[in-house]
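Have a look at the structure below before the remarks.
The values are calculated or read from the model by the stated rules, or taken from the named source; none is laboratory data. Nothing here was measured: the structure is a model prediction, and the numbers come from that model. Here the Cβ is made from the backbone with ideal geometry for all residues, glycine too, and neighbour counts use every protein chain on show.
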Amino acid sequence: MKGSGVSALAQGSVPLRALPVFPASPGGVLLLRSPPVKILVLTNLFPPHHAGTEDFRCQAIADNLRLRGHEVRVLTSTHGMNNARRDGPVERRLLLNGAFGHPLEEDIGPLQEIETANHAALREQIAEFQPAVVHVFSLRGLSKSLIYGLHHARLPVVYDVADTWLAEDVRNDPWLRWWNHPGSNGQRTLKEWTGQRGKLDTIAPTRFMPGCDRIPELYGDDASAPEPNSISAFRFDRLYFCSQMLKQATEEAGFKVSHADVIPPGIATQNYVGDVKPADVPMERLLFAAKLNRASGLLTAVKALQLLLGRGRRASLTIYGKGDSDYIAQTRSIIAVQKLPVEFLSVSNLHRDLPALFRQHDCLLHCAEEPEPYFLTPMEAMACGLPVIGTALGGTCELFRHGDNALLFAPGDPEDLASRIEELQAQPALRCQIAENALTEMQSQCNETVMVDRIEAYLETSLQMW
């Protein structure tokens, strides 16, 4: 496959029997190793122009696949730039609409310009790079019609779904909604009668196939939740989710993804190295590291600290993160009035700051009050030997096991959180045990190498199936 595109596989010039079978990886996954392939990564944001952990995760996967000998090119947006630009193997050409600070365009004229530009960029990259497989990450803020464009390109496509762009954002895509809304639309009707829609489908698709002109269960004004796995207007042959929670949410949104795999996120454990603190070291320095907004549960942590101090316990809290300025101001006011031992740290570089912070503290408080597909910070803290007290919401339901690798408390309940902190302070043996269990698990099962092994195997299996 080296130096070739998908055509070699499609035409059978690379027989499947020529692909060697390697032993199972440490995670127990059978690795079907093929020669290096060309992989086109399609995503909305890519460092250094980023907005969160999903972007760094995409970069880590792309870099690891490249280190394994694959030729990887990234097609992403112009976010953070004035014009399109090529940064080595990264093409920054796609236009964002209504996300990450970019205005939402809903008028059909400008919408068509955005869609046409994005599909032209994709077609040009496929023609120039000739990828063997397209690896799609988040389409949040990007044209969801790219799903149709990829299907029409007749290439093997693998979707990596690590946020809610599929479960929630496809429903709100302005381009697909304009064309597939079941209500009356004179301008659309005219375009359909005159054949303009059919011509447009070749440059900026509006539907899965001719005849599939409306999707009332997804784009109707009064559409109730569709039946799970019922929407046939989108096709995802090969995809995997970062958590079972996200897969289930996508199924419940109506998309046919019951066949999808789940590949949990991994962490670069070589960057998060630490020892479990001995039982005779008191647990006093608490760390809160998250995006600082109401969903983070920061006020719950502050109130729990106040309760601990009122009971004569020794404790302090360090807060690390950026977020909602009004919420941070409210929290600072409470801290000042109560004269609590709390320190706010400025955020410089997450990858550089966090490992040192973990080693300087005695416990991480993960107080999220809304579900998210996954949380990397608790995993990173565990890899540094830090005990974690957290809430089981979303992806953490699949990570935390109460009394085994973490302690759990009820979301938004400072009394329950204070009790869990006291429990670890009073039982140093328990604290050491859960920290040791978590550290072992992160190093052996959740490291980045194991995760990329599984993703590489999934990509290679997708090529063989194709």
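Contact map, the stretch 80-92: first residue within 17 Å of Ala117 (Cα to Cα), second residue not in a strand (DSSP E or B) and not small (Gly, Ala, Ser), Cβ cut-off under 7 Å, separation 6 or more or different chains; pairs are Ala84/Thr78; Glu91/Gln125; Arg92/Thr78; Arg92/Met81.
Of all residues in the stretch 116-126, none satisfies being in contact (Cβ under 8 Å) with a residue 12 or more places away in the chain, at negative phi and among the acidic types (Asp, Glu).
Here the condition is being assigned to a helix (DSSP H, G or I) and in contact (Cβ under 8 Å) with a residue 60 or more places away in the chain; of Ala329, Ala301, it holds for Ala301 alone.
Scanning the stretch 384-398 for residues that are touching a residue at least 60 places away in the same chain (Cβ under 8 Å) and in a loop (DSSP other than H, G, I, E, B) returns Cys384, Gly385, Leu386, Pro387, Thr391. Filtering the stretch 213-232 to residues that are of a type outside the set (Phe, Trp, Tyr) and under 15 Å from Trp178 (Cβ atoms) leaves Asp213, Arg214, Ile215, Pro216, Leu218, Gly220, Asp221. Being in contact with an Asp or Glu (Cβ under 7 Å, 6 or more places away or on another chain) and part of a loop (DSSP other than H, G, I, E, B) is a condition met by no residue of the stretch 170-180. A single entry from Ala381, Ala336 fulfils the requirement of being over 30 Å from Thr250 (Cα atoms) and in a helix (DSSP H, G or I): Ala336. Where strands (runs of 3 or more DSSP E) sit wholly within the stretch 68-168, those with at least 1 residues that are buried (at least 20 other Cβ atoms within 10 Å of the Cβ) and touching a strand residue (DSSP E or B) at 6+ places or on another chain (Cβ under 7 Å) occupy 71-77, 90-94, 133-136, 157-161. When the stretch 275-290 is filtered for residues that are crowded, with 17+ Cβ neighbours inside 10 Å and either within 28 Å of Asp163 (Cα to Cα) or in contact with a helix residue (DSSP H, G or I) (Cβ under 6 Å, 6 or more places away or on another chain) (or both), the ones remaining, listed by number, are Val276, Met283, Leu287, Phe288, Ala289, Ala290.
Does Ala336 fit the bill of being surrounded by fewer than 15 Cβ atoms within 10 Å (Cβ to Cβ), at pLDDT below 95, out of contact with any strand residue (DSSP E or B) (no Cβ under 6 Å at 6 or more places or on another chain) and not polar (S, T, N, Q)? No, not satisfied.
Of all residue pairs spaced 6 or more apart or on separate chains, those with beta-carbon atoms under 7 Å, a first member in the stretch 274-294 that is over 17 Å from Glu380 (Cα atoms) and a second member that is buried (at least 16 other Cβ atoms within 10 Å of the Cβ) and at pLDDT below 95 are Leu292/Gly321; Leu292/Gly323; Leu292/Asp324; Asn293/Gly323; Asn293/Asp324.
The set of residues in the stretch 417-436 that are of a type outside the set (A, V, I, L, M, F, W, C) and buried (at least 18 other Cβ atoms within 10 Å of the Cβ) comprises Arg420, Gln425, Arg431.
Which residues, counting only those in the stretch 339-365, are of a type in the set (Asp, Glu) and part of a helix (DSSP H, G or I)? The answer is Asp353, and nothing else. Answer yes if at least one residue in the stretch 378-400 is among the aliphatic types (A, V, I, L, M), out of contact with any strand residue (DSSP E or B) (no Cβ under 9 Å at 6 or more places or on another chain) and not assigned by TED's automatic domain parsing to the domain that holds Gln244, and no otherwise. Scanning the stretch 378-400 turns up at least one residue that is among the aliphatic types (A, V, I, L, M), out of contact with any strand residue (DSSP E or B) (no Cβ under 9 Å at 6 or more places or on another chain) and not assigned by TED's automatic domain parsing to the domain that holds Gln244.
Looking across the stretch 279-303, the residues that are farther than 20 Å from Cys432 by Cα, more than 24 Å from the chain's Cα centre (by Cα) and not hydrophobic (A, V, I, L, M, F, W, C) come down to Thr300, Lys303.
Scanning the stretch 58-75 for residues that are farther than 11 Å from Pro89 by Cα, within 19 Å of the chain's Cα centre (by Cα) and either touching a residue at least 24 places away in the same chain (Cβ under 8 Å) or not assigned by TED's automatic domain parsing to the domain that holds Leu94 (or both) turns up Cys58, Ala60, Ile61, Asn64, Leu65.
Output yes when any residue across the stretch 407-419 is in a helix (DSSP H, G or I), modelled with pLDDT under 95 and not assigned by TED's automatic domain parsing to the domain that holds Asp237, and no when none is. Scanning the stretch 407-419 turns up no residue that is in a helix (DSSP H, G or I), modelled with pLDDT under 95 and not assigned by TED's automatic domain parsing to the domain that holds Asp237.
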